[in-house]
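Engineer: Take a look at the following structure, please.
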Ligand code: UN1
């Protein structure tokens, strides 16, 4: 066994994941840090997956009648267990997704935060009381648990996205069946083990409340098509969402889609350039450009372009790139060879469209099976070719602008609509960007970058990003069904709209 494999195994042992779950199986899993194999898992068969969904559905019948604050108690215990395992789980995220130590820990913090949020929410699943037009009548809306929630998640936030969905689903009265990315199954097993500790402390939780399916697309498809999965919450590419959305809709299931982003920043004449520089650097290079919220396009006003660009180029030339397990480098590896090839293809296309590329080359960190790159900065004459697409790698396309209204048009002229940012000290520009005629994204920020959203707000975006919302605000409503109730406490039966029907 390689040293990294044995480090991984001892972490998994400490996290209470049974040995048999990650050794001796036919599905190899790799770490992007070195490209080495670190585990061999056993894929879930189609029959097993169906049986697990049936089990989850049986759990639903019990869990839905637990008082919501009691369900919240389980999530409170999950938050406690996550606090205890923060270091280990954060390190496992770094091993499996290649995140810097700080970002690995930050992802676990995001899980703790959503648990806290969900615990409070468990006492706030409010409905409205509504005035009835009929005398002696009252109307109200009641929110009920929905059913089994299927979660399909991506490699880049291998644990936080599960927790956004699970913490809310559990307090809302729903069991969860999770199909993690086949690139990051180990962190999923660790999350399940951590939740199992909370379940053991709680005592009488129904069996099958949370389960993990191991495997690729074929296993995810079972969740998508199964009639007992009431809601499919899927995070991944727009291509994936185009398949999942219609299939779930065809059986009248619900879906939450959190798909691609092609997020942009605008640096205005009055921008605090020091702040913009740091925000753009984190937004575009953090997580090696592998966040849905990564900044991929940057519009810089012509009056500050010549001052800002050299500073940005210097940041790109000097950013630390390295092994996240052995250094505090800010940029870790790409997830795999395909990601590297996709990045190179996009850079070639950018050159063909007149782009001037700085960076993007492979950096040698450890074995040849790991793919580290210097983030690429590409000055583009216009927004065309690969700039219109999401390439899941650290490429920032920079364009010069002169007119504010025109840059808003360009900003919105891509398929995706996840996150956006404006850097300005001008109140009019700020408000225009946030207005109905401004950014068309689900997230629009002022003087911060596009990535690193807090859990308190609803997370998600418009257009090809899929329209789903997860995490904070009232995103919980997607995990429940709404009943409208009309109660007649009078001794008469007046009909609505004045209709007469006397028998
Ligand atoms: C994602 O990339 O799917 O806002 C999620 C952020 C993180 C979550 C990203 N809090 O960048």
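The values are calculated or read from the model by the stated rules, or taken from the named source; none is laboratory data. Please read all numbers here as calculations on a predicted model, not as lab measurements. Cβ placement follows ideal geometry from the backbone for every residue including glycine, while neighbour counts extend to all protein chains displayed.
Engineer: Pairs under 8 Å by beta carbon, first residue more than 19 Å from residue 122 (Cβ to Cβ) and in contact (Cβ under 8 Å) with a residue 40 or more places away in the chain in region 453-476, partner in a loop (DSSP other than H, G, I, E, B) and away from the ligand (no atom under 13 Å from the Cβ), six or more apart or different chains?
Structural biologist: What qualifies is 460/467; 461/467; 462/440; 463/415; 463/440; 464/415.
Engineer: Moving to a separate point now. Among (1) surrounded by fewer than 17 Cβ atoms within 10 Å (Cβ to Cβ); (2) away from the ligand (no atom under 15 Å from the Cβ); (3) over 14 Å from residue 190 (Cβ atoms), where does residue 71 come up short?
Structural biologist: Evaluating residue 71 over (1) surrounded by fewer than 17 Cβ atoms within 10 Å (Cβ to Cβ); (2) away from the ligand (no atom under 15 Å from the Cβ); (3) over 14 Å from residue 190 (Cβ atoms) leaves (1) as the failure.
Engineer: Of the conditions (1) closer than 16 Å to residue 75 by Cβ; (2) at pLDDT 95 or above, residue 203 clears all except one; give me its number.
Structural biologist: (2)
Engineer: OK, next. For region 196-225, enumerate the residues that are part of a loop (DSSP other than H, G, I, E, B) and closer than 18 Å to residue 166 by Cβ.
Structural biologist: 205, 206, 207, 208, 209, 213, 214
Engineer: Starting from region 144-161, take each residue that is in contact (Cβ under 8 Å) with a residue 24 or more places away in the chain and under 19 Å from residue 332 (Cα atoms) and list its partners that are assigned to a strand (DSSP E or B) and within 12 Å of the ligand (Cβ to nearest atom), counting only C-beta distances under 6 angstrom and pairs at least six apart or across chains.
Structural biologist: Within 6 Å, the pairs are 154/235.
Engineer: Go through the residues of region 37-46 one by one and say whether even a single one is assigned to a helix (DSSP H, G or I) and either surrounded by fewer than 23 Cβ atoms within 10 Å (Cβ to Cβ) or within 16 Å of the ligand (Cβ to nearest atom) (or both).
Structural biologist: Looking through region 37-46, at least one residue is assigned to a helix (DSSP H, G or I) and either surrounded by fewer than 23 Cβ atoms within 10 Å (Cβ to Cβ) or within 16 Å of the ligand (Cβ to nearest atom) (or both).
Engineer: Of the numbered conditions (1) within 16 Å of the ligand (Cβ to nearest atom); (2) in contact with a helix residue (DSSP H, G or I) (Cβ under 6 Å, 6 or more places away or on another chain), residue 440 satisfies every one except a single condition; which is it?
Structural biologist: (1)
Residues are listed down the side, and each one gets a yes or a no for (1) farther than 26 Å from residue 322 by Cβ; (2) within 16 Å of the ligand (Cβ to nearest atom); (3) crowded, with 24+ Cβ neighbours inside 10 Å:
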| residue | (1), (2), (3) |
| --- | --- |
| 259 | yes, yes, yes |
| 263 | no, yes, yes |
| 273 | yes, no, no |
| 284 | no, yes, yes |
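Engineer: Take the residues of region 452-469 that are more than 9 Å from the ligand (Cβ to nearest atom) and within 12 Å of the chain's Cα centre (by Cα): which is surrounded by the fewest Cβ atoms within 10 Å (Cβ to Cβ)?
Structural biologist: Among those that are more than 9 Å from the ligand (Cβ to nearest atom) and within 12 Å of the chain's Cα centre (by Cα), it is 458.
Engineer: Let me ask something else about it. Can you tell which of 6, 26 is surrounded by fewer than 21 Cβ atoms within 10 Å (Cβ to Cβ), under 19 Å from residue 182 (Cβ atoms) and free of Cβ contacts under 8 Å to residues at least 40 places away in the same chain?
Structural biologist: That would be 26, the only listed residue that is surrounded by fewer than 21 Cβ atoms within 10 Å (Cβ to Cβ), under 19 Å from residue 182 (Cβ atoms) and free of Cβ contacts under 8 Å to residues at least 40 places away in the same chain.
Engineer: Would you pick out the residues in region 278-300 that are out of contact with any helix residue (DSSP H, G or I) (no Cβ under 8 Å at 6 or more places or on another chain) and at negative phi?
Structural biologist: 278, 279, 282, 283, 284, 291, 292
Engineer: Let me ask another. Is it the case that residue 339 is on the phi > 0 side of the Ramachandran plot, within 16 Å of the ligand (Cβ to nearest atom) and modelled with pLDDT of 95 or more?
Structural biologist: Spelling it out, it is not the case that residue 339 is on the phi > 0 side of the Ramachandran plot, within 16 Å of the ligand (Cβ to nearest atom) and modelled with pLDDT of 95 or more.
Engineer: Going residue by residue through region 234-244, is there one that turns out to be surrounded by fewer than 17 Cβ atoms within 10 Å (Cβ to Cβ) and under 21 Å from residue 471 (Cβ atoms)?
Structural biologist: yes
Engineer: Check residue 311 against each of (1) without any contact (Cβ under 8 Å) to a residue 40 or more places away in the chain; (2) within 16 Å of the ligand (Cβ to nearest atom); (3) in contact with a helix residue (DSSP H, G or I) (Cβ under 7 Å, 6 or more places away or on another chain) and name the one condition it does not meet.
Structural biologist: (2)
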